[in-house]
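Chemist: Take a look at the following structure, please.
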Amino acid sequence: MAAHSGVFTRSHALNCGVTPRRFRTGSADGEWVRFNGAWIMADHPVTFSSRCWLAIFRSGAQARITGVSALKLYGMELADPNVFVSVPSGRYWG
């Protein structure tokens, strides 16, 4: 989960071996917290990178970070912009 800036979905956690009971315990104990439709480890700050991972997780596996968001991820010195995502034709996110 650290590879995704601390952001994960419930299905990611379960696929990594976290049991449903352990998942409930972790959220109840504050080990991870709800993050706009996903979860983030409590000890990870919300950063531009974590917002990008959230956008990908919510938009689907074929989504890609684009535009100035991609430039920022590649190291260009920019203020934290909105996260721009491209999704395949016909995929609706709303």
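Chemist: Among Ala28, Ala13, Ala38, whose mean-square fluctuation peaks in a Gaussian network model of the chain (Cα, cutoff 10 Å)?
Modeler: Looking only at Ala28, Ala13, Ala38, the largest GNM fluctuation is found for Ala28.
Chemist: Which of Thr47, Thr19, Thr66 ends up with the largest GNM mean-square fluctuation for the chain, with Cα atoms connected below 10 Å?
Modeler: Thr19
Chemist: Can you tell me the length gained on complete extension of the stretch Thr25 to Ala70, counting 0.36 nm per residue apart and subtracting the Cα distance? Let's see the in-between values first.
Modeler: Details: separation 45, 0.36 × 45 = 16.20 nm, distance 3.55 nm.
Full extension from Thr25 to Ala70 adds 12.6 nm.
Chemist: Using only the alpha-carbon atoms, how far is helix 48-59 inclined from the longest principal axis of the chain? Give it as 0 to 90 degrees, nearest 10.
Modeler: 80 degrees
Chemist: Of the residues Ser59, Ser69, Ser11, which exhibits the maximal mean-square fluctuation in a Gaussian network model of the chain defined by a 10 Å Cα contact cut-off?
Modeler: In the Gaussian network model the winner is Ser11.
Chemist: Can you give me the distance in nm between label points at Gln62 and Arg10, each placed 7 Å from the Cα along the Cα-to-Cβ direction?
Modeler: 2.6 nm
Chemist: Which loop chymotrypsin sites (Phe, Trp or Tyr not before Pro) in region 1-91, with loop taken from DSSP, have no more than 12 other Cβ atoms within 10 angstrom of their Cβ?
Modeler: Tyr74
Chemist: For a footprinting-style exposure proxy, rank Arg58, Arg51 by other Cβ within 10 Å, fewest first. Mind showing how you got there, number by number?
Modeler: Working: Arg58 14, Arg51 19.
So the ranking, lowest neighbour count to highest, is Arg58, Arg51.
Chemist: With the cut-off at 15 Å, report for region 2-86 the share of all Cα pairs above it, as a whole percent.
Modeler: 59 percent
No value in this document is a laboratory result; all are computed from the given coordinates. This is a predicted model, so every value here is computed, not measured. Heads up, the Cβs are rebuilt from the backbone with ideal geometry, glycines too, and the neighbour counts pull from every protein chain shown.
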